[in-house]
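The values are calculated or read from the model by the stated rules, or taken from the named source; none is laboratory data. This structure is a prediction, so every number in the text was calculated from the model and none was measured. Positions of Cβ are generated from backbone atoms using ideal geometry, with glycine treated the same way; all protein chains shown enter the neighbour counts.
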Ligand code: XIL
């Protein structure tokens, strides 16, 4: 059958988030992953809570297995995510002094990025730094360390791997939104301070009936800041039950996002947040919605798979 990877020009990264449980247990999942994608992002296993459940005792196994799979299948690895308000290990305490918290964060970033130096082409260094209204999210990092945590995180990651492309990643910034305006100002400010923010990731968790405004124009204005851009977590949820008409609408929106990325020279990768309806966070995170991926629960390609291939 035609595959996304087969249709993609050699310079286009077509990626997906990977469910490590299925990677390790489902041969059909593995073969589809290898056949259709030339890039992978760990859906969970490189998050802090997964890597260091107990202070100082790292569990690299699942992440190493994904990296090994990617290397065996000629796939680029996109690291996700170093600093986030979620998936922080329970032992990282709000009651610590700012100095101690900063040192623990420094050690985390340095340890993880150093381990995968040369194996990971890009990192989501800071994920979801903004609140819905465009102000800085009141995460433990902002509250305890102040806005300087952003510059610290990018500088520490850059020291650990000067060749990795360092991204700031967020959602609700895919079109010309107020949050996107705020992100644009933040990236411009950080870069004016010499902070190595080298890429901006647009998660793109979309609803089939909500087409973001001017995706390409938005990507371009970030590109004009001198950064790469990437679609990092695309899924297009449908209000259930799925119908043939809804699946066509979904296919059109998938195609529209890919068209925008391909139209912008600095758009370096196009990544889906999972490729099968059998494993999608949408089921849990958006009650009443689902069927968000390009393969169905039985790993059969949906109209969106064909529409992406038509665009490549
Ligand atoms: C989600 C995963 O898909 C879930 O399996 C997990 O339980 C929670 O995190 N934005 C992000 C991703 O950057 O890390 C989130 O992934 C989805 C929203």
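Residue selection: residue 113 satisfies the criterion of being buried (at least 20 other Cβ atoms within 10 Å of the Cβ), more than 16 Å from the ligand (Cβ to nearest atom), closer than 20 Å to residue 196 by Cα and in contact (Cβ under 8 Å) with a residue 12 or more places away in the chain.
Do the conditions hold for residue 63, that is, is it at pLDDT 95 or above, within 16 Å of the ligand (Cβ to nearest atom) and not in a helix (DSSP H, G or I)?
In short, no.
In the range 160-183, the residues that are under 25 Å from residue 212 (Cα atoms) and more than 16 Å from the ligand (Cβ to nearest atom) form Cβ pairs under 7 Å with partners that are assigned to a strand (DSSP E or B) and at pLDDT 95 or above, at six or more places apart or across chains, as follows: 182/130. If only residues of the range 41-59 that are assigned to a loop (DSSP other than H, G, I, E, B) and under 19 Å from residue 119 (Cβ atoms) are counted, the one that is farthest from the ligand (Cβ to nearest atom) is 58.
Which of the residues that make up the range 26-40 are in a helix (DSSP H, G or I) and either modelled with pLDDT under 95 or within 16 Å of the ligand (Cβ to nearest atom) (or both)?
If the condition is that a residue be in a helix (DSSP H, G or I) and either modelled with pLDDT under 95 or within 16 Å of the ligand (Cβ to nearest atom) (or both), then 29, 33 are the ones that fit.
Among the criteria (1) without any contact (Cβ under 8 Å) to a residue 40 or more places away in the chain; (2) under 23 Å from residue 261 (Cβ atoms); (3) in contact with a helix residue (DSSP H, G or I) (Cβ under 7 Å, 6 or more places away or on another chain), the one residue 45 does not fulfil is (2).
Every residue, every condition in (1) more than 16 Å from the ligand (Cβ to nearest atom); (2) closer than 25 Å to residue 35 by Cα; (3) crowded, with 24+ Cβ neighbours inside 10 Å, yes or no:
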residue	(1), (2), (3)
227	yes, no, no
232	no, yes, yes
236	no, yes, yes
253	yes, yes, no
269	no, yes, yes
281	no, yes, no
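Yes/no matrix, rows are residues, columns are (1) in contact with a strand residue (DSSP E or B) (Cβ under 7 Å, 6 or more places away or on another chain); (2) in contact (Cβ under 8 Å) with a residue 12 or more places away in the chain; (3) within 16 Å of the ligand (Cβ to nearest atom):
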| site | (1), (2), (3) |
| --- | --- |
| 85 | no, yes, yes |
| 92 | no, yes, no |
| 104 | no, yes, no |
| 119 | yes, yes, no |
| 128 | yes, yes, yes |
| 132 | no, yes, yes |
| 135 | no, yes, no |
| 152 | no, yes, no |
